[in-house]
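Nothing in this text is a laboratory measurement; each read-out follows from the coordinates by a stated rule. What you are looking at is a predicted structure, and each value in this text was computed from that prediction instead of being measured. Counting neighbours? That spans all protein chains shown, and the Cβs are built from the backbone with ideal geometry, glycine included.
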Amino acid sequence: MSLSTENDPFNLLTPAMRDVLARMARARRQPLQTLTPADARAAYEAGASVLEIPSQPLARVENLQIPTRDGAMLSARLYAPSMGPLPALLYFHGGGFNIGSVATHDALCRDLSHQAGCLVVSVDYRLAPEHRFPTAANDAWDALQWLHANAAGLQVDATRLAVGGDSAGGTLAAVCAIQARDAALPLALQLLFYPGCAAHQDTPSHQRFAKGFVLEEAQITWFFDHYVRSPADRDDWRFAPLLAPDVDGVAPAWIGLAECDPLVDEGVLYGDKLRAAGVHVDLEIYRGVTHEFIKMGRVIAEAKVAHAHAAQALRNAFFL
């Protein structure tokens with residue numbers, strides 16, 4: 001075997017993950033970065049459930065409206081496995097701040113609620129380019145404050161709250177954890193699936209997995225070009241939590257990363273930053289899988305493992 005073959009990052013993939021990528025290539029779908037934002041959202045919505053696990057029935061599913069600081073109302077969905085006061089996870093979906101919704105992450109949130117035995121509130125924060133940075137971050141923080149203030153009416157135990165999200169949603173959850181620390185709003189956990197944490201896409205994993213691993217460099221550039229108002233926004237810690245002046249005293253973290261993901265290095269770096277500040281961190285790297293794998297539970301075994309690990313982290317944090 002030649003050295004170039006040995007170093008081929010595609011050799012890291014599990015057979016099931018490699019098969020998914022092959023099927024995606026055969027489908028010849030138009031790359032998201034070549035579409036308008038509206039068409040990209042529609043394409044993502046259309047394919048979001050193809051590889052998902054079956055939808056988990058729950059005792060309580062309700063649609064909510066959450067007010068924001070500028071008077072807008074955010075759609076949200078509440079999931080609960082039983083009636084009565086429960087600890088709650090506030091969840092922010094992924095999608096590069098441009099695509100994704102409560103609907104695209106419905107199966108994931110149902111499964112987390114079911115397995116963790118907690119209430120989940122999934123939020124439709126406003127998307128770019130119609131709503132650029134820092135609107136998504138502001139919406140996320142407004143939603144957390146609202147959930148805390150309205151806990152009793154929602155049958156939520158306000159003393160046991162967590163924030164979570166995947167990809168861009170993981171960024172928002174990490175930012176909320178820092179803001180909650182500053183506001184003395186106690187959180188039991190920040191649950192981060194492959195969060196975006198860095199100001200620039202310049203880590204080795206961004207280069208190694210730049211093309212052909214679901215989330216491509218061209219896509220990331222497209223997402224962020226629509227999201228930031230100017231290059232200066234990248235230097236704001238609400239865009240890049242790795243730039244936060246300090247993370248002392250933030251909530252404990254569970255971080256789940258994909259080995260073959262442009263974002264894996266910055267996820268590890270953020271875990272290191274938290275640990276250096278004395279924050280308890282559980283960090284898992286799921287081998288041989290790509291970005292978005294947690295939404296591929298029908299065919300990717302590691303997705304179900306990650307769901308179970310995340311649910312157990314929630315149960316531990318909530319003393320369930």
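Against the numbered list (1) without any contact (Cβ under 8 Å) to a residue 60 or more places away in the chain; (2) touching a His at 6+ places or on another chain (Cβ under 8 Å), LEU108 comes up short only at (1).
Take SER49 and tell me if it is under 22 Å from TYR194 (Cα atoms) and not acidic (Asp, Glu). When the stated conditions are applied, SER49 passes them. For segment 26-38, a residue qualifies if it is surrounded by fewer than 13 Cβ atoms within 10 Å (Cβ to Cβ) and not in a loop (DSSP other than H, G, I, E, B), and the qualifying residues are ARG26, ALA27, THR34, ALA38.
Given the condition among the acidic types (Asp, Glu), touching a Gly at 6+ places or on another chain (Cβ under 8 Å) and within 19 Å of VAL175 (Cβ to Cβ), answer yes or no: does some residue in segment 217-238 qualify? Spell out how you get there, then give the answer.
First, the residues of segment 217-238 that are among the acidic types (Asp, Glu): 217, 225, 233, 235-236.
Checking the rest, the ones that are also touching a Gly at 6+ places or on another chain (Cβ under 8 Å) come to none.
Scanning segment 217-238, I find no residue that is among the acidic types (Asp, Glu), touching a Gly at 6+ places or on another chain (Cβ under 8 Å) and within 19 Å of VAL175 (Cβ to Cβ), so the answer is no.
So that you can scan it fast, the table gives a plain yes or no per residue for (1) surrounded by fewer than 18 Cβ atoms within 10 Å (Cβ to Cβ); (2) within 29 Å of SER230 (Cα to Cα); (3) among the aromatic types (Phe, Trp, Tyr):
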site: ARG110; (1), (2), (3): no, no, no
site: ALA116; (1), (2), (3): no, no, no
site: VAL121; (1), (2), (3): no, no, no
site: TYR125; (1), (2), (3): no, yes, yes
site: GLU130; (1), (2), (3): yes, yes, no
site: PHE133; (1), (2), (3): no, yes, yes
site: ALA136; (1), (2), (3): no, yes, no
site: ASP139; (1), (2), (3): no, yes, no
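Against the conditions (1) under 20 Å from GLY117 (Cα atoms); (2) touching a residue at least 60 places away in the same chain (Cβ under 8 Å); (3) not hydrophobic (A, V, I, L, M, F, W, C), GLY153 satisfies every one except (2). Sort out which residues of segment 218-272 are among the charged types (D, E, K, R), surrounded by fewer than 20 Cβ atoms within 10 Å (Cβ to Cβ) and under 18 Å from THR203 (Cβ atoms), and write them in order of number. Of everything in segment 218-272, those that are among the charged types (D, E, K, R), surrounded by fewer than 20 Cβ atoms within 10 Å (Cβ to Cβ) and under 18 Å from THR203 (Cβ atoms) turn out to be ARG234, ASP235, ASP272.
Please work out which residue is surrounded by the most Cβ atoms within 10 Å (Cβ to Cβ), limiting yourself to segment 2-24 and to residues that are of a type in the set (A, V, I, L, M, F, W, C) and free of Cβ contacts under 8 Å to residues at least 12 places away in the same chain. Spell out the reasoning first.
So the first thing to find is which residues in segment 2-24 are of a type in the set (A, V, I, L, M, F, W, C), and the list is 3, 10, 12-13, 16-17, 20-22, 24.
Among the residues that remain, those that are also free of Cβ contacts under 8 Å to residues at least 12 places away in the same chain are: 3, 22.
Values: LEU3: 7, ALA22: 10.
Of everything passing the filter in segment 2-24, ALA22 is surrounded by the most Cβ atoms within 10 Å (Cβ to Cβ).
Filter segment 44-94 for residues that are part of a helix (DSSP H, G or I) and without any contact (Cβ under 8 Å) to a residue 24 or more places away in the chain; which is surrounded by the fewest Cβ atoms within 10 Å (Cβ to Cβ)?
First, pick out the residues of segment 44-94 that are part of a helix (DSSP H, G or I): 44-47.
Remaining after also requiring without any contact (Cβ under 8 Å) to a residue 24 or more places away in the chain: 46-47.
Working: ALA46: 11, GLY47: 14.
Among them, the one singled out is ALA46.
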